[in-house]
Amino acid sequence: MAEQGRIKKGITSIAQVKTWQLIVLLVIMGVIAASFLRLNNIGMVQRREAVIIADQEGNEETIISRLYDLQLYVTGHMNTDLGRGVYLEQSYTRDLQEWQETQYGNENPNGNIYKKAQEVCAPQFDYYSYAYLQCTTSELAKYPSAEDPASESSKPRQEAYIHAFTSPLWSPDFAGWSVLLCGVLLALIIIRLVGGGVLRLMVRKHYRNI
């Protein structure tokens, strides 16, 4: 009986809250939820930038550590979608350069054609970049490839350097709980409005029948 009394008291307290008050509370909670969602997104961007910086520095252990931090954050927080993922461009460039040096260097049966490509591309660029790599690749394509077709299978694949993690639709953090509370408030407002409309229709119908 005491439990039922507390439930009735809680229902009565909710009923005393006006609809406009619920709307004001919903607006306030909406602003709070939007702020937390934005903070989640900023946290993802910061960790993604840390991965890119580590990729530029070239330390493999640091890259793996930063990727792990990014994965943990994205998979544990809502509104942290990576879109197409984070691309380790510098890692791909370094690995492809190393592969080209081996594939087309002194060990290549057709001679060191990698050196020939460098002689063409090096004067065109001040520093090693993706454009420099494209130039080298284009020059190497002008020469015959190695006779061993299996060596081509070891060539770094660009898609292997793209890392994407899935963000949950809802997460039990400040953003998640504030969004959930917004949903509860919105549901209460709808129930109030629908219930009030139904009650007015019932009253009108009752008086018409009298």
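Values in this text are rule-based calculations from the coordinates and carry no lab data. In this text the structure is predicted, and so the values were computed from the model without any measurement. All Cβ positions, even for glycine, are placed from backbone atoms using ideal geometry, and neighbour counts span all protein chains on display.
Computed values, structure above
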| quantity | calculated |
| --- | --- |
| From phi via Karplus (6.51, -1.76, 1.60), per-residue ³J(HN,Hα) for the range 24-31 in Hz, x at Gly/Pro | 4, 5, 5, 4, 4, 5, x, 5 |
| Residue order, fewest to most surrounding Cβ atoms within 10 angstrom, among LYS18, LYS115 | LYS18, LYS115 |
| Net charge contributed by nearby residues that have their C-beta within less than 15 Å of THR62 (K/R +1, D/E -1) | -2 |
